[in-house]
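Everything on this sheet refers to the single structure shown next.
The values are calculated or read from the model by the stated rules, or taken from the named source; none is laboratory data. Predicted model only: the values in this text are computed from it and were never measured. Cβ sites come from the backbone with ideal geometry, for glycine too, and all protein chains shown count toward neighbours. All accessible areas refer to the heavy atoms of the entire protein, side chains included, with ligands and DNA or RNA removed. Shrake-Rupley method; radii C 1.70, N 1.55, O 1.52, S 1.80 Å.
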Amino acid sequence: MKRLPLLMLLLCLQMSAIAQRPEFAPGARYDSRIPSLKQVTGYDFAERVTPPEDIIRYLRALNEAAPNRTRLIKYAETWEKRELYALITGSPERIARLDEIKAGLQKLANPASISSGELEKLIKDLPVVVALVHGVHGNEISSGEAAMAEAYHLLSAQNDPVVEQIRREALVIIDPMQNPDGRARFVFQNLLGQAAGPDSEPASAEHDEPWPGGRSNHYLFDLNRDWFAQTQPESRGRVKLMLEWMPQVVVDLHEMGGDSTYYFPPSAEPMNPHMTKAQSGWLEAFGKANAARFDERGFGYFNREVFDAFYPGYGVSWPMAQGAIGMTFEKASARGLTYRRSDGSILTYRDGAVEHFTAAMSTLQTAAAGREKMLRDFAEFRRNAGQGTVRAYYLPEGRDPGQAQRLVRTLLSNGITVERVEQAVTVDGRSLQPGTFVVPLPQPAGMLVRNLLDPQVPMNGEFIKTQEERRRRRLPDQIYDTTAWNMPMLWDVECIGSTSAVSVKTTRLDLASVSRPAPATKTDALVGYALVWNATSAAAAIEALREGLMARFISQPFTIDGRKFDRGAAVFRVSDNGLNFRAKLETIAAKHGADLIRLDSAFVSEGASLGSNQTVTLKAPRVLLAWDAPTSSLSAGWARYVMERRYGQSVTAVRAGSLARVDLRRFDVLVLPSGNYATAISGENLRRIKDWVSAGGTLITLGEASRWATRDSTGLLDTRTELRDGSPETDSPQARTEASKGPFDYEKAIQPLREQPENTPGSILRVKLDPDHWLSSGTDGEIQVLVEGTRVFTPIRIDRGATSEPMPSSTGFSQAAISGLNQNSSCLIRRF
């Protein structure tokens, strides 16, 4: 019976901790004409995890209550049709002149186009623009709550000198959630597992997110890696918003593990080498101001650890590359309403919202106080960005004009100036044809140009030495994310740097003028049309097949009427498709930017004949994709996105646990995203897949799925993953014995046995392809691949398959980091 009072005491202590609710703004007085969250939704700030629709509902209510001090902007729509909004707040005078201010900000961002007098007038007149962007990861929930509190406080607080200063000196853009699809997924699962009252147990159902979790968007992309690639609609809309308003400060508010405290910059090493001294100084100033406010309120925090800004695709680093002061804020997450930390203390959802609110308001105060200097530093950055030895990057259209055009559109979407040369130009003794794209330097977005087009972005030498020492001691590296991302390399587009400024006539491009219209064809071809095979024409061919057209594929070189097709083509013959298919095929080719060649003869002067047995009739493949655990959600999402959205290929996603129920004869291709399928695919299920492959099915394994496929117990690939010493990794590891030779070697003696290869955070390798293999069709015999992780494979013997050959030249983290890992990029093909 004595246990009951003890249990009651523990419950009281826990409820007491929860009841000690931190205030958002202690002592603040609010205008009753501005609705609180409770008046709009029926619950107060942080009483529940606010779903996406209620966040937007509240922003609309604020906009309606204060139309002279706000503007609500829809900037994108997700794959799941949820709308993304940003709320702009400012003084009535600023909002009344908002369009004029927006035009002024564009001039400030292009200072070379205006006089010094006009620049001074802009600096005197314009507000400093601060963008507070929240919730890029849908399960990092407290920042969305903070966003609503920020908007309410800025619009409703009375007799507050800090708020008055912010209203007077700043324009604030509040994006409450960058990933509503992910947030909706989290809220649904959280409510599904919710107990009668808040359960702080970390393993409880309301904290334990099932696959894929709420972090990613609909296609399971991490949107905080997508700022420059802009593959997703959320990213494209957000970047467009940033380029329209050109903020001087961008804060990206996140969450991290529940046992942490709070993080704000200065950030950890490695720093991006293109960051300016002025930007570094501002990060120090913001950090000190935030620290002072957190000290005053008794909040724990850290900086200069864990979170770096090296990769330019983060919400912190992309704005920095545009001249803003980018900052990541991270708060320990309750992943629900309450969370028990490892030390027994209770972290609440409200704690996260309050601390995010506090950091955001402190940042706004610092920016408002430094308005004029911030504007001046921003203009100076934009005037000189990208200065260096390279004065221009040339991008020839090359073998795949459509791929080069896609790259150029991506650069333009990032606010980068791209031009087209109108006459031949010589670069380092090489003549480039009219139509070649060129990116001049310096330019306002020059820092981003240097990050995306420089062959290598170097790390700090001392940091590299530290990592090498940590590697020697078998400690994990201190790199937060990938270290290789060069866009021309990964898109297989040639990029030529020149130390001379552009001296020939050029035309500045916009998104509509990148593609030049193909010459109109007035008559039908006698024989048919050929798509020169490459990444672009592959997408066009898939759409053509989906539209009911018939194509024959030739993987070998051939020449017709003096036109040489080096690496294969898809041929659409009139005899296969009738007389009236030309318009449909031309429309498809133009949509994708693919080269469509008219054929009035089938007679080849060299190479494979169009009517030979070397031609293969193409058909639209039926693709099966493993989904759900044990797949990596990122890998599964990327694979599905590329097939469905890039290539227009229909995909049937089946949960891995249900693969045994699938009639594999109904499919041509099975894609296994990265993951360990030892439990999901075994026994009879594994035998069925082997039989299906032997009967002609195509199995594609990605990442860790390839490691699983090589295991003795799996037997799908005749290769092995290697350990660090080069010995094969087996299902039944045995201790290695070594004979003692010579004097005792202490360093050797302490090395681990059967050790995994060292992790590669990211390197780009150039790989030589087998020109006789059909998979190399459409290439020039080489391709660049991004290598990451610890997977090293032995080459497949030629009687059991084919392996691509790595070339010695590479770029990435460091040569030491990739030595011995080249085979990680191998294309492994199993013959059954």
Q. Got a number for residues in region 421-456 being open to solvent by less than 20 Å² (accessible area, probe 1.4 Å) and touching a Pro at 6+ places or on another chain (Cβ under 8 Å)?
A. 8
Q.
From the list Arg238, Arg215, exactly one residue is open to solvent by 10 Å² or more (accessible area, probe 1.4 Å) and either farther than 19 Å from Thr358 by Cβ or of a type in the set (D, E, K, R) (or both). Which is it?
A. Arg215
Q: Could you tell me whether any residue of region 553-572 is more than 26 Å from Arg406 (Cβ to Cβ), at pLDDT 95 or above and out of contact with any Ser or Thr (no Cβ under 9 Å at 6 or more places or on another chain)?
A: no
Q) Of the residues in region 311-321, how many are within 14 Å of Ser280 (Cβ to Cβ) and part of a loop (DSSP other than H, G, I, E, B)? A) 1
Q) Which members of region 259-279 meet the condition of being within 19 Å of Val130 (Cβ to Cβ) and in a helix (DSSP H, G or I)? A) Ala278, Gln279
Q: Check off (1) open to solvent by 60 Å² or more (accessible area, probe 1.4 Å); (2) at pLDDT below 95; (3) not β-branched (Val, Ile, Thr) for Arg57 and give me the number that stays unchecked.
A: (2)
Q: Just give me the residues in region 467-506 being of a type in the set (Ser, Thr, Tyr), modelled with pLDDT of 95 or more and either assigned to a helix (DSSP H, G or I) or open to solvent by less than 40 Å² (accessible area, probe 1.4 Å) (or both), in sequence order.
A: Ser498
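What do you reckon, is Val390 of a type in the set (A, V, I, L, M), open to solvent by 30 Å² or more (accessible area, probe 1.4 Å) and either within 24 Å of Met246 (Cα to Cα) or not in a helix (DSSP H, G or I) (or both)? Outline the logic, then answer.
On the way: of a type in the set (A, V, I, L, M): yes; open to solvent by 30 Å² or more (accessible area, probe 1.4 Å): yes; either within 24 Å of Met246 (Cα to Cα) or not in a helix (DSSP H, G or I) (or both): yes.
For Val390, the condition - of a type in the set (A, V, I, L, M), open to solvent by 30 Å² or more (accessible area, probe 1.4 Å) and either within 24 Å of Met246 (Cα to Cα) or not in a helix (DSSP H, G or I) (or both) - is met.
Conditions tested, residue by residue: (1) closer than 19 Å to Val651 by Cα; (2) modelled with pLDDT under 95; (3) exposed (fewer than 10 other Cβ atoms within 10 Å of the Cβ); (4) under 34 Å from the mean Cα position of the chain (by Cα).
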site	(1), (2), (3), (4)
Leu670	yes, no, no, yes
Arg688	no, no, no, no
Val693	yes, no, no, yes
Gly726	no, yes, no, yes
Glu738	no, yes, yes, no
Lys741	no, yes, yes, no
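Keeping to region 137-151, report how many residues are of a type outside the set (A, V, I, L, M, F, W, C) and either surrounded by fewer than 24 Cβ atoms within 10 Å (Cβ to Cβ) or not in a helix (DSSP H, G or I) (or both). Spell out how you get there, then give the answer.
Of region 137-151, the ones of a type outside the set (A, V, I, L, M, F, W, C) are 137-140, 142-145, 150.
Add one more test, that the residue is either surrounded by fewer than 24 Cβ atoms within 10 Å (Cβ to Cβ) or not in a helix (DSSP H, G or I) (or both), and what stays is 137-140.
Summing the residues that are of a type outside the set (A, V, I, L, M, F, W, C) and either surrounded by fewer than 24 Cβ atoms within 10 Å (Cβ to Cβ) or not in a helix (DSSP H, G or I) (or both) in region 137-151 gives 4.
Hey, does region 322-341 have a residue that's more than 27 Å from the chain's Cα centre (by Cα), in a helix (DSSP H, G or I), crowded, with 21+ Cβ neighbours inside 10 Å and of a type in the set (Val, Ile, Thr)? Please lay out each step first, then the result.
First, pick out the residues of region 322-341 that are more than 27 Å from the chain's Cα centre (by Cα): 337-341.
Filter again for in a helix (DSSP H, G or I), leaving none.
For region 322-341, residues more than 27 Å from the chain's Cα centre (by Cα), in a helix (DSSP H, G or I), crowded, with 21+ Cβ neighbours inside 10 Å and of a type in the set (Val, Ile, Thr): absent.
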(Q) Tell me which helices (runs of 4 or more DSSP H) are completely within region 80-130 and hold 1 or more residues being open to solvent by 20 Å² or more (accessible area, probe 1.4 Å) and within 25 Å of Pro176 (Cα to Cα), or say none if there are none. (A) 92-96, 98-108
**Q.** Segments classed as helices (runs of 4 or more DSSP H), wholly inside region 619-718, with at least 2 members that are under 30 Å from Ala570 (Cα atoms)
**A.** 633-641, 683-694
Q: State yes or no: is Lys38 open to solvent by 30 Å² or more (accessible area, probe 1.4 Å), assigned to a helix (DSSP H, G or I) and of a type outside the set (Ser, Thr, Tyr)?
A: yes
Q: Would you check which residues across region 261-295 are within 23 Å of Ala368 (Cβ to Cβ), among the charged types (D, E, K, R) and in contact (Cβ under 8 Å) with a residue 24 or more places away in the chain and list them?
A: Arg293
Q) Hey, Gln230 hits all of (1) open to solvent by 10 Å² or more (accessible area, probe 1.4 Å); (2) at negative phi but one; which does it fall short on? A) (2)
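Rundown of residues vs (1) touching a residue at least 24 places away in the same chain (Cβ under 8 Å); (2) closer than 23 Å to Gln403 by Cβ, yes/no style:
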{"site": "Gly611", "(1), (2)": "no, no"}
{"site": "Gln614", "(1), (2)": "yes, no"}
{"site": "Ala620", "(1), (2)": "yes, yes"}
{"site": "Trp627", "(1), (2)": "yes, no"}
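Yes or no, residue by residue, for (1) buried (at least 22 other Cβ atoms within 10 Å of the Cβ); (2) of a type outside the set (A, V, I, L, M); (3) at negative phi; (4) under 20 Å from the mean Cα position of the chain (by Cα):
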{"site": "Phe286", "(1), (2), (3), (4)": "yes, yes, yes, no"}
{"site": "Asn290", "(1), (2), (3), (4)": "yes, yes, yes, no"}
{"site": "Glu305", "(1), (2), (3), (4)": "no, yes, yes, no"}
{"site": "Val316", "(1), (2), (3), (4)": "yes, no, yes, yes"}
{"site": "Pro319", "(1), (2), (3), (4)": "yes, yes, yes, yes"}
Q) Listed residues Gly593, Gly528, Gly548, Gly578; which is free of Cβ contacts under 8 Å to residues at least 12 places away in the same chain, open to solvent by less than 50 Å² (accessible area, probe 1.4 Å) and at positive phi? A) Gly578
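Out of all the residues in region 647-655, is one or more within 30 Å of Gln232 (Cβ to Cβ), of a type in the set (A, V, I, L, M) and touching a residue at least 60 places away in the same chain (Cβ under 8 Å)?
No, because not a single residue in region 647-655 is within 30 Å of Gln232 (Cβ to Cβ), of a type in the set (A, V, I, L, M) and touching a residue at least 60 places away in the same chain (Cβ under 8 Å).
Can you pull out the residues in region 743-776 that are acidic (Asp, Glu) and open to solvent by 60 Å² or more (accessible area, probe 1.4 Å)? Before the answer, list the steps.
The initial filter retains those residues of region 743-776 that are acidic (Asp, Glu), namely 745, 747, 755, 758, 770, 772.
Hits for region 743-776 are Asp745, Glu747, Asp770, Asp772.
Does Arg238 fit the bill of being touching a residue at least 40 places away in the same chain (Cβ under 8 Å), outside any strand (DSSP E or B) and under 27 Å from the mean Cα position of the chain (by Cα)? Steps first, answer last, please.
Numbers: touching a residue at least 40 places away in the same chain (Cβ under 8 Å): yes; outside any strand (DSSP E or B): yes; under 27 Å from the mean Cα position of the chain (by Cα): yes.
So Arg238 passes the test.
Yes or no, residue by residue, for (1) more than 20 Å from the chain's Cα centre (by Cα); (2) without any contact (Cβ under 8 Å) to a residue 12 or more places away in the chain:
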position	(1), (2)
Arg168	yes, no
Asn179	no, no
Phe186	yes, no
Gly197	yes, yes
Glu206	yes, no
Asp222	no, no
Asp226	no, no
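Identify all residues within region 394-405 that are open to solvent by 10 Å² or more (accessible area, probe 1.4 Å) and out of contact with any Phe, Trp or Tyr (no Cβ under 7 Å at 6 or more places or on another chain); write none if there are none. Before you say what the answer is, go through the steps one by one.
The first filter runs over region 394-405 and keeps only residues open to solvent by 10 Å² or more (accessible area, probe 1.4 Å), leaving 396-401, 403, 405.
Pro396, Glu397, Gly398, Arg399, Asp400, Pro401, Gln405 - these are the residues of region 394-405 that are open to solvent by 10 Å² or more (accessible area, probe 1.4 Å) and out of contact with any Phe, Trp or Tyr (no Cβ under 7 Å at 6 or more places or on another chain).
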